[in-house]
1. At 7 Å along Cα-to-Cβ for each site, give me the label-to-label distance between A:SER31 and A:LEU13 in nm.
2. Could you list log10 I(q)/I(0) for the stretch B:106-247 at q = 0.08, 0.18, 0.20, 0.22 Å⁻¹, which the Debye formula gives when each Cα is one point scatterer?
3. Can you list the chymotrypsin sites (Phe, Trp or Tyr not before Pro) in the stretch B:38-98 that are in a DSSP coil and have 10 or fewer other beta carbons within 10 angstrom?
4. Between B:THR58 and A:ASP44, what is the label-to-label distance in nm when each label sits 7 Å out along the Cα-to-Cβ direction?
5. Need one number: nm distance between label points at A:ALA5 and B:LEU13, each 7 Å from Cα along Cα→Cβ, rounded to one decimal.
6. Could you calculate the FRET efficiency of A:ILE52 with B:MET218 from 1/(1 + (r/R0)^6), where r is the beta carbon distance between them and R0 is 41 Å, rounded to 0.05?
7. Alpha carbons only, please: Rg and Dmax for the protein assembly as shown, in angstrom.
8. By how many nm would the segment from B:PHE131 to B:LEU246 grow when fully extended, if each residue of separation counts as 0.36 nm and the alpha-carbon distance is taken off?
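None of the figures in this text is laboratory data; all of them are computed from the coordinates on show. None of the values given here were measured: they were computed from a predicted structure. A quick note on method: Cβ atoms are made from the backbone with ideal geometry, for glycine too, and the neighbour counts reach across all protein chains shown.
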Amino acid sequence: MDLEAAKVIGAGLAAIGVGAAAIGVGNVFGSFLESAIRNPAAADSQQGRLFIGFAAAELLGLIAFAVAMIILYAV
Amino acid sequence: MHQFQIAPLAGDLGSPFVFTNSALWMLVVLALIWVFMVGGMKRQLVPGRWQVAVEGVTGFITSMLTTNVGPEGRRYVPWVFTVFMFILFANLLGMMPFALAGAHPFTVTSQFTVTGVMAIISFAIVLIVGFWKHGFHFFSLFIPHGTPKILLPLIFLIELLSFMVRPFSLALRLFVAMIAGHILVEVFASFVVSGINAGGVAGPAISLLSFVFIMGVMALELLVCAIQAYVFALLTSLYINDAVNLH
């Protein structure tokens, strides 16, 4: 296997992390919605925590994307 | 990619005195924020629409800081408000789709240096406020209450690491989110072009599909622009809370 092929395969493998982060972000918003419908009165006060969870889950996906870009263009 | 490239408009790229398209768009962002703020700061007793918009943004940031930091949080409104407005306007200006005569919008926040400087200033505020208010007691931030004695060194190391990585994650999140959105739009735009070039029945159909998809992605990106500005401001206020109140 030459270097170019290995790079593209590596970037594709790194992109799996983005999909995993998608599961995480969906989980954050899904769980929030589930409990917000059960108790709408408490939903607004938890919006800050919702976005903290979203930011933490999203960051890992973005890091996976950055790794893919580094493998493709910078190595 | 062309849209992320920094091009000198006046001066030489190698020299320290160079006016780039990045600097130009920062000035555009500054001018727009200035117009927005001056238009709304008329202090009328019965506010007009513009004044309500400006008061809405300032009230939003103020309430975010008071809920997260407490009454002392009002002192940090200037920095958080500045960073929120700058990121929001820079993101939205970067989303503008048109390009005229080789000149195209430049997303200021898609450069790691720009977001990095903002994150470092936020981190510096946390450090300065923390050591100013609490002295060396500030290090108790790294030891959660009720930690067993045996685990103390390990927990301290982990907490210190997660503290030190904060400015990096703050800057990385913003700039990668902007770059990823623009690259996504660009990839689907290239599908439109190559679909038309392919001809036949399937080619234009794929082009049309990609074009509709681009519109959806653009709407999503507008949401991401606002969310990223909000997340940056929210995390900054949380970090300031750590420095002001420890635990």
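1. For A:SER31 paired with A:LEU13, the spin-label model returns 3.0 nm.
2. The computed values of log10 I(q)/I(0) come out as -0.39, -1.01, -1.12, -1.23.
3. In loop regions of the stretch B:38-98 (DSSP not H, G, I, E or B), the sparsely surrounded chymotrypsin sites (Phe, Trp or Tyr not before Pro) are B:PHE98.
4. Taking the simple label geometry, B:THR58 and A:ASP44 are separated by 2.3 nm.
5. Once both label points are built, they end up 3.5 nm from each other.
6. Numbers: r = 27 Å, r/R0 = 0.65.
Working from the Cβ atoms, E equals 0.95.
7. Taking only Cα atoms of the protein assembly as shown, I get Rg and Dmax of 22.5, 73 Å.
8. Difference between extended and current length: 40.3 nm.
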